[in-house]
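Okay, so here's the structure we're looking at.
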Amino acid sequence: MAWKTRVLFFDFVMSFMWVWSGPLIKLFIFRVLGLDHQPEAEIVKVSLSIVNMFFFAFLGKVTRGGSYNPLTVLASAFSGDFNSFLFTVGARIPAQVFGSISGVKYIIETFPEVGLGPKLTVNIHHGALTEGFLTFAIVMISLGMGRKIPGSFFMKTWITSVSKMTLHILGSDLTGGCMNPASVMGWAYARGDHITKEHVIVYWLAPVEATLLAIWTFRLVFGPHKQEKERKAKPE
């Protein structure tokens, strides 16, 4: 019970911090450095974003499982037992959503100029395919890192961070390239369009289905993880 309470707290706090991190990077570049929309600004933004992802990966390690992204915990829950799945869906994901909503609320009050977050700029089917593809790609990469480079924090984080940044750039003009339903929910709640069909399908249904498909595809191609095999081999 103590572990569950702790991880829920860290999920909330990290989700709160994550929705602040992106706007703060932009404010630092445009207001402090005064780079505006120049090539140098994009280079600095990408560099700081990767450093930011390293920081949150470190927080996840320090907190022993804290996360700001529902897709990350879902991927683990689908590979675990039913109790773990229920805890993830019924408690961890809501904690991440509430953390994101709270974070967006306070950052808009503090810095109104940050805007209202990512928006869908294409039709619903194109948007769902985009978010689904981006999610499928990053989940496959993350699963591969966990299987092929076990224990190497720096290398895994570096490859995953660069991959996330690349995928984000590819989808940024279409859906925002979010790959994080909780974060998008925070901004959508602030705009008042968090219960629309577009939001639910593009930013929740498509990424969750893509996560399931990535896990199934990875297991089909590479087989179950060693720990999974050992768990199944144990007598009841």
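Net charge near Leu120, counting Lys/Arg +1 and Asp/Glu -1 over other residues with Cβ under 13 Å of its Cβ? Net charge in that neighbourhood comes out at -1. Only helices reaching 18 angstrom along their own axis (Cα) with mean Kyte-Doolittle hydropathy no lower than -0.5 count here, and for the DSSP H runs of the chain these are 2-27, 39-62, 93-110, 124-148, 153-171, 206-222. In percent, rounded to a whole number, the relative contact order of the chain is 27, using alpha-carbon pairs under 8 Å and six or more apart.
Highest GNM mean-square fluctuation among Ser76, Ser67, Ser142, for the chain modelled with Cα contacts below 10 Å: Ser76. Other residues whose C-beta falls under 15 angstrom from the C-beta of Val7 contribute a net charge of +4, scoring Lys and Arg +1 and Asp and Glu -1.
The residues neighbouring Asn69, those whose beta-carbon lies less than 14 Å from its own, together hold a net charge of 0 under the Lys/Arg +1, Asp/Glu -1 convention.
Kirkwood radius for the range 119-179, taken over all pairs of different Cα atoms as the inverse mean of 1/r, rounds to 12.1 Å.
Throughout, read-outs are computed from the coordinates displayed, never taken from laboratory work. Just so we're clear, the structure is a prediction, and the values are computed from it rather than from any experiment. So basically every Cβ, Gly included, is an ideal-geometry build from the backbone, and we count neighbours across all protein chains shown.
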